[in-house]
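The values are calculated or read from the model by the stated rules, or taken from the named source; none is laboratory data. On a predicted model such as this, the values are computed, not experimentally measured, just so you know. Because the Cβ atoms are built from the backbone with ideal geometry, glycine has one as well, and the counts that use them run over all protein chains shown. Ligands, DNA and RNA are stripped out before the accessible areas are found, and what is left, the full protein with its side chains, is counted by its heavy atoms. Shrake-Rupley method; radii C 1.70, N 1.55, O 1.52, S 1.80 Å.
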Amino acid sequence: MMSKAVKWLLIANFAVYVIGFVINVSGLFGLHYVLSPGFLPWQPVTYMFVHSYQDIWHIVLNMFALWMFGRTIEPTLGTTRFIIYYFVCGLAGALAWELGQLFGFINPYSVCVGASGAVYGILLAFGVLYPNERIFIFPIPIPFKAKWLIIGYVFIELASALFVNDLTAHTAHLAGMLAGFILLMFWKKTAQRRRQHIDNQDKWHTTSTQPDMGVHYNKNERSTDWQYNARHKADAEEIDRILDKIRHNGYESLSESEKQRLFDASNK
């Protein structure tokens, strides 16, 4: 089952790739240096959908990684947050590329294309959310835990950015991963504060008594609030249980009802 946002991102990327055989999409939609005549205001977004025509593996590998990891990350984050996450990582990659050109680390006449900044953010999310999930890297026959794979990618990209002078946007890759990590930590802290607030409300409804100060409380309204919070907490615990099951046994270990429950929660 392919998630909604991943499907449309794949379609959009391949559609732009096909259109590129008719018109020069990199000139219009690739990311140019902000101080150059070729820069256009939509390029920090559209460059994510343009890929090199000199190397077909550029789009194939990016889209394979998006499909492979995105179909797990989207149900985990929810479709809306997944889309936000994807574009934040891609925009961070664009910013890093522009800063590299501004400070002379990157040739100001070069054009940045590709979804790699956003896709590397997706890889980072998989390593953070499913650190012990085992994955294979062809042709190595030994499975790696996701967390070690992501750490390896970080060191490779960092070394490449510092010591390798090629046309690959290593700084954009690193920036996408860094932005993704910061955003995930922000959402985690926000969820923890929200859960603490709900727990405090539950505790108040359970233990507090209302003094008679001439105000008459509607007992049914108080009961309804408590029941709502209790249901909300139970739903959150059920989703946490499903996510833990994915972390330990993989997405395919879920039953159809669990997959549907996770899919429904991601669209709320």
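Can we say Phe144 is open to solvent by 60 Å² or more (accessible area, probe 1.4 Å), touching a Pro at 6+ places or on another chain (Cβ under 8 Å) and not in a helix (DSSP H, G or I)? Answer is no for this residue.
Here Ala161 meets the list (1) open to solvent by 60 Å² or more (accessible area, probe 1.4 Å); (2) modelled with pLDDT under 75; (3) touching a helix residue (DSSP H, G or I) at 6+ places or on another chain (Cβ under 9 Å); (4) among the hydrophobic types (A, V, I, L, M, F, W, C) almost entirely, failing just condition (1).
In region 221-232, is there at least one residue being outside any loop (DSSP other than H, G, I, E, B), at pLDDT 75 or above and within 20 Å of Thr80 (Cβ to Cβ)? Checked region 221-232: no residue is outside any loop (DSSP other than H, G, I, E, B), at pLDDT 75 or above and within 20 Å of Thr80 (Cβ to Cβ). Being open to solvent by 80 Å² or more (accessible area, probe 1.4 Å), modelled with pLDDT of 65 or more and outside any loop (DSSP other than H, G, I, E, B): is that true of Phe263 here? Here the answer is no, as Phe263 does not meet what is asked.
Table: residues versus (1) among the aromatic types (Phe, Trp, Tyr); (2) modelled with pLDDT of 85 or more; (3) open to solvent by less than 60 Å² (accessible area, probe 1.4 Å); (4) closer than 17 Å to Ala125 by Cα.
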| site | (1), (2), (3), (4) |
| --- | --- |
| Phe181 | yes, yes, no, yes |
| Leu184 | no, yes, yes, yes |
| Gln196 | no, no, no, no |
| Lys203 | no, no, no, no |
| Ser208 | no, no, yes, no |
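For region 242-252, the set of residues classified as at pLDDT 75 or above and either touching a strand residue (DSSP E or B) at 6+ places or on another chain (Cβ under 9 Å) or surrounded by 11 or more Cβ atoms within 10 Å (Cβ to Cβ) (or both) consists of Ile242, Leu243, Lys245, Ile246, listed by residue number.
A Cβ distance below 6 Å, combined with a sequence gap of six or more or placement on separate chains, defines the contacts here; from region 86-110, residues that are touching a residue at least 40 places away in the same chain (Cβ under 8 Å) and at positive phi reach no residue that is part of a helix (DSSP H, G or I) and of a type in the set (Ser, Thr, Tyr).
Quick grid of which residues meet (1) within 10 Å of the chain's Cα centre (by Cα); (2) closer than 17 Å to Val6 by Cβ:
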residue: Leu35; (1), (2): no, no
residue: Val45; (1), (2): no, no
residue: Met68; (1), (2): no, yes
residue: Leu77; (1), (2): yes, yes
residue: Gln101; (1), (2): no, no
residue: Phe105; (1), (2): no, no
residue: Cys112; (1), (2): no, no
residue: Gly121; (1), (2): yes, yes
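The single condition among (1) open to solvent by 40 Å² or more (accessible area, probe 1.4 Å); (2) within 23 Å of Leu243 (Cα to Cα); (3) in contact (Cβ under 8 Å) with a residue 40 or more places away in the chain; (4) assigned to a helix (DSSP H, G or I) that Met2 does not satisfy is (4). Collect the residues in region 94-114 that are among the small types (Gly, Ala, Ser) and modelled with pLDDT of 95 or more, keeping them in residue-number order. Of everything in region 94-114, just one residue is among the small types (Gly, Ala, Ser) and modelled with pLDDT of 95 or more, namely Ala94.
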